[in-house]
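Visitor: Following this message is one structure expressed as structure tokens.
The values are calculated or read from the model by the stated rules, or taken from the named source; none is laboratory data. Everything numeric here is computed off the predicted structure, so don't read it as measured data. Heads up, the Cβs are rebuilt from the backbone with ideal geometry, glycines too, and the neighbour counts pull from every protein chain shown.
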Amino acid sequence: METEILEKIKVLATFENGQLRPVVFQWRNRLYKILRVVFSYSKNIGKEKIFYFSVGTKCGVFELAFNREKFSWELTRIF
Amino acid sequence: MQTILHLDLDSFFASVEQQANPKLVGKPVGVIKGPGRTCVIAASKEAKKFGVKTGIKVWEAKALCPQIIFVPADFDKYFFVTKKFIEICSRYSPDLEVFSIDELFLDITQTKDLFGGVWKICQKIKQDIRKEIGQHITCSIGISYNRLLAKLASKIKKPDGIFEITPKNRDGILFSSKLTDVCGLGTRLEKRLFNLGITDFKNLRKIPIDFLEASLGPFWPGQLKKLSYGEDNSVLTRIGEIPRMKSVSRTYTLYEDTTNFNLIKATLRNLCEEVAFKAREMGMAGRMIGVAVRGGGQEDYRHKTLKYFLDDGEEIFKIVWSLFSLMKWLGPVRFLGVWLGDLRSKSNLTINIFEKERRKEKLLMALDKINKTFGEFTIYPAVLLNNKKIKSEVNGFLGDKNFRLPYSIFKID
């Protein structure tokens, strides 16, 4: 049902009220506008903190991950 | 009179998975430990309608509900939600007890009037959960004047319900409840009571206490009588007041029965590492070491109490391995467990004055620092090479609250 991707992506995000929210992401030269963030959580891998976002777009639901230490975004999976 | 809330997140693991993946919403979902695991550890409300329950085998769940979707558990995700849940509830009272990964008690006796009353608080908490965690995460709330009845009340209207047990409706609720609905009365005691012809609280009240004592001994009859009246004087154990842990343990069920000596050794070594790490993180060491093994229809358990205290995984493993060897285990192994007991604070123990031991302590500190910086098992014992590393995980009962809560609570980014 879900497909693991683990590819780096470009993301436009807002920082508001102490929260990080992705707004648009680009994957394989295609832009995806995020209609809503359905869930978010974070976990630590050692000192690295990763923030996960389940996001809804017109094309489906994706999970994005932001690595706070590496300052990079990744598309982890497609639901 | 006190006002205690018991808050219970509904179908917790499955609800979190449905929240994270909207395609699962409205569908029967069973959460399993991991791919290849054979036991359902949580079921969504849709799956529960088909009779799928926690603990059921995967094949049984499929037979009951062929369209069930199995999802591997992600305990880091669930614990994140737990911390958020705790933070939300703590806004309404500082008197909060974390009972398990998805249950809290909240004493709002002193604070309810600040927030417009009991029902207002309940509604507000539900709203906050929906808004800040997710619309598919719901909780059922029980209200009463003690912990026991509040916990019973939260079961009455599920999911996403609120129910109050008052002195007026208490007996009606107790008499219509099963004995095991009440926290503290398990299936073993239920069976013993059944053998005495006692199947409900109404009967239990009528039976003379000396009759119960003749069958159950001196302790239980008094407790049972109190339970039959819904009496409970226990107080909430706040996060900062959790009693120090007396032991740390880790168990693991292998994917299949094994007679592979190296795998058994590596697994035990792995479990010893986790147990030792937890003890060190809490600044403690223990001197009672135990090992439990199950498989092929047999089980065995050994323990040893030392005259000195340990917090080193390698040293703990030496004892564990000698205990395992004493079992002279023949046949397959499916389940292994290690624990370190009689934990004491290292600040109360004699300092090591020998150079060799002090170097070992420094080495362990360095190893812990590396693993905490770069991730669990960045450095690990050589015996674990080429084996899957069993990483630490939160369990449903939050049995290691003392380890998990003080270090991570309220640290929500």
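Visitor: Of everything in region B:273-289 that's part of a strand (DSSP E or B) and surrounded by fewer than 20 Cβ atoms within 10 Å (Cβ to Cβ), which residue is nearest to the chain's Cα centre (by Cα)?
Guide: Across region B:273-289, the extreme among qualifying residues is B:MET288.
Visitor: Looking only at residues in region A:55-73 that are away from chain B (no Cβ under 11 Å) and buried (at least 20 other Cβ atoms within 10 Å of the Cβ), which one is farthest from B:THR373 (Cα to Cα)?
Guide: A:LEU64
Visitor: Here are B:CYS139, B:CYS183: which of them is assigned by TED's automatic domain parsing to the domain that holds B:ILE4 and within 20 Å of B:PHE397 (Cβ to Cβ)?
Guide: Unique residue meeting the criteria: B:CYS139.
Visitor: In addition: Name every residue in region B:3-29 that is surrounded by 21 or more Cβ atoms within 10 Å (Cβ to Cβ), more than 28 Å from B:GLU97 (Cα to Cα) and of a type outside the set (A, V, I, L, M, F, W, C), in order of residue number.
Guide: B:ASN21, B:PRO28
Visitor: Return yes or no: is B:ILE41 aliphatic (A, V, I, L, M), at pLDDT below 95 and either surrounded by fewer than 19 Cβ atoms within 10 Å (Cβ to Cβ) or touching a Gly at 6+ places or on another chain (Cβ under 7 Å) (or both)?
Guide: It is true that B:ILE41 is aliphatic (A, V, I, L, M), at pLDDT below 95 and either surrounded by fewer than 19 Cβ atoms within 10 Å (Cβ to Cβ) or touching a Gly at 6+ places or on another chain (Cβ under 7 Å) (or both).
Visitor: Residues that are more than 29 Å from B:GLU376 (Cα to Cα) and more than 10 Å from every other protein chain (Cβ to nearest Cβ), at least 2 per element: which strands (runs of 3 or more DSSP E) completely within region A:1-54 meet that?
Guide: The qualifying strands (runs of 3 or more DSSP E) are A:3-16, A:19-27, A:30-33.
Visitor: Determine which member of the set B:VAL52, B:VAL40, B:VAL25 is within 14 Å of chain A (Cβ to nearest Cβ), of a type in the set (A, V, I, L, M) and touching a helix residue (DSSP H, G or I) at 6+ places or on another chain (Cβ under 9 Å).
Guide: Of the residues listed, the single one that is within 14 Å of chain A (Cβ to nearest Cβ), of a type in the set (A, V, I, L, M) and touching a helix residue (DSSP H, G or I) at 6+ places or on another chain (Cβ under 9 Å) is B:VAL25.
Visitor: Output the residues belonging to region B:310-335 that are touching a residue at least 40 places away in the same chain (Cβ under 8 Å), assigned to a helix (DSSP H, G or I) and aliphatic (A, V, I, L, M).
Guide: B:ILE316, B:VAL320
Visitor: Could you count how many residues in region B:140-192 are in contact (Cβ under 8 Å) with a residue 24 or more places away in the chain, of a type in the set (A, V, I, L, M, F, W, C) and not in a helix (DSSP H, G or I)?
Guide: Going through region B:140-192 one residue at a time, the tally reaches 7.
Visitor: A further question follows. Determine which member of the set B:ASN262, B:ASN270, B:ASN233 is out of contact with any Asp or Glu (no Cβ under 7 Å at 6 or more places or on another chain), polar (S, T, N, Q) and assigned to a loop (DSSP other than H, G, I, E, B).
Guide: B:ASN233
Visitor: Among the helices (runs of 4 or more DSSP H) contained in region B:4-80, which hold 2 or more residues that are without any contact (Cβ under 8 Å) to a residue 40 or more places away in the chain?
Guide: Because the criterion is at least 2 residues that are without any contact (Cβ under 8 Å) to a residue 40 or more places away in the chain, the helices (runs of 4 or more DSSP H) in region B:4-80 that meet it are B:45-48, B:58-64.
Visitor: Give the residues of region A:55-79 that are charged (D, E, K, R) and outside any strand (DSSP E or B), sorted by residue number.
Guide: Scanning region A:55-79 gives A:LYS58, A:ARG68, A:GLU69, A:LYS70.
Visitor: Within region B:107-120, is there a residue that is part of a strand (DSSP E or B) and either more than 14 Å from chain A (Cβ to nearest Cβ) or surrounded by fewer than 23 Cβ atoms within 10 Å (Cβ to Cβ) (or both)?
Guide: yes
Visitor: While we're on this one: How many of the residues in region B:347-382 are part of a loop (DSSP other than H, G, I, E, B) and away from every other protein chain (no Cβ under 14 Å)? It would help to see each step written out before you state the result.
Guide: First, pick out the residues of region B:347-382 that are part of a loop (DSSP other than H, G, I, E, B): B:349-354, B:375-381.
Next cut, away from every other protein chain (no Cβ under 14 Å) only: B:349-354, B:381.
Result for region B:347-382: 7.
Visitor: Output the qualifying pairs, or none if there are none: Cβ atoms under 6 angstrom, residues six or more apart or on different chains, first residue in region A:52-79 and of a type in the set (D, E, K, R), second residue in a loop (DSSP other than H, G, I, E, B).
Guide: Every condition considered, the pairs that remain are A:ARG77/A:GLU2.
Visitor: Which ones in region B:204-227 are exposed (fewer than 11 other Cβ atoms within 10 Å of the Cβ) and assigned to a helix (DSSP H, G or I)?
Guide: Passing the criteria: B:LYS206, B:ASP210.
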